[in-house]
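Coordinate-derived values only; no laboratory data. These figures come from a predicted structure and were not determined experimentally. Don't worry about glycine lacking a Cβ; one is built from the backbone with ideal geometry, like all the others, and counts go over all protein chains shown.
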Amino acid sequence: MKLDIIHSQILELLQKNARISNTAIAKQVGISSPSVAERISRLEDSEIIEGYYTKVSHIGMGYDFRALITVHAFMGRLQPFLHKVKMFDEVINCYRVTGNENIVMEVVLNNKLHLEIFIDKLITYGEIKTQIILSYVVSNNPISKK
């Protein structure tokens, strides 16, 4: 699908607020509300829009902190880990990456003891490194076509 400037504006508005109405989008981009609905439908059909999500506060859900945990898998332990990681409630994002580590996970944790217990579950799969997330510098920045 070829994106024009209107598609890009619609995508930017939806990324900032997925609950924005078609009428509000129409006013901002200068087309009718039915045209906005049709464009959004085409963006969904072409899988440029993959879904809509609610951003939830980890603190509001009772988790004291977030961390990034990397795993450099031991020989023969990557595939078992890839199956196991889907069962950990603490993991909110998990990426298979290039470089020295095989895996980068974003996790939510109750406290330091919870972190220690969680790391103990991981150490049989590989070398673990942990970084506590202090704050966001950029978060959910809209993706735009360059």
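What chymotrypsin sites (Phe, Trp or Tyr not before Pro) in segment 79-146 are in a loop by DSSP, with at most 15 other Cβ atoms within 10 Å of the Cβ?
Taking segment 79-146 and a limit of 15 other Cβ atoms within 10 Å, the loop chymotrypsin sites (Phe, Trp or Tyr not before Pro) found are F88, Y136.
Say a site is exposed when it is one of the GluC sites (Glu not before Pro), sits in a DSSP loop, and has at most 15 other Cβ atoms within 10 Å; what is then the longest site-free stretch of the chain? Answer - 51-146.
Segment I5..L113, full-extension length gain: 33.9 nm, with 0.36 nm per residue of separation and the alpha-carbon distance subtracted. The Cα-based radius of gyration and maximum Cα-Cα distance (Dmax) for the chain are 19.9, 57 Å. Rounded to whole numbers, the Karplus 3J(HN,Hα) couplings from phi for segment 65-81 are 7, 10, 9, 9, 10, 10, 10, 9, 5, 5, 3, x, 9, 5, 4, x, 5 Hz, using 6.51 cos²θ - 1.76 cosθ + 1.60 with θ = phi - 60°, and x at Gly and Pro. Between rounded, prolate and oblate, where does segment 5-45 land on the alpha carbon gyration tensor, with a ≥ b ≥ c its root eigenvalues, rounded for a/c under 1.5, else prolate if a/b exceeds b/c? In terms of gyration-tensor shape, rounded. Each residue in T70, T124, T54 was given a count of other beta-carbon atoms within 10 angstrom of its own, and listing them fewest first yields T54, T124, T70.
Near S35: Cβ cut-off under 14 Å, other residues only, Lys/Arg at +1 and Asp/Glu at -1. The net charge is +1. For segment 65-133, a simple Cβ point-charge model (Lys and Arg +1, Asp and Glu -1, everything else neutral) yields a dipole of about 120 debye relative to the Cα centre. Compactness check for segment 78-127: Cα Rg over 2.2 N^0.38 Å is 1.12.
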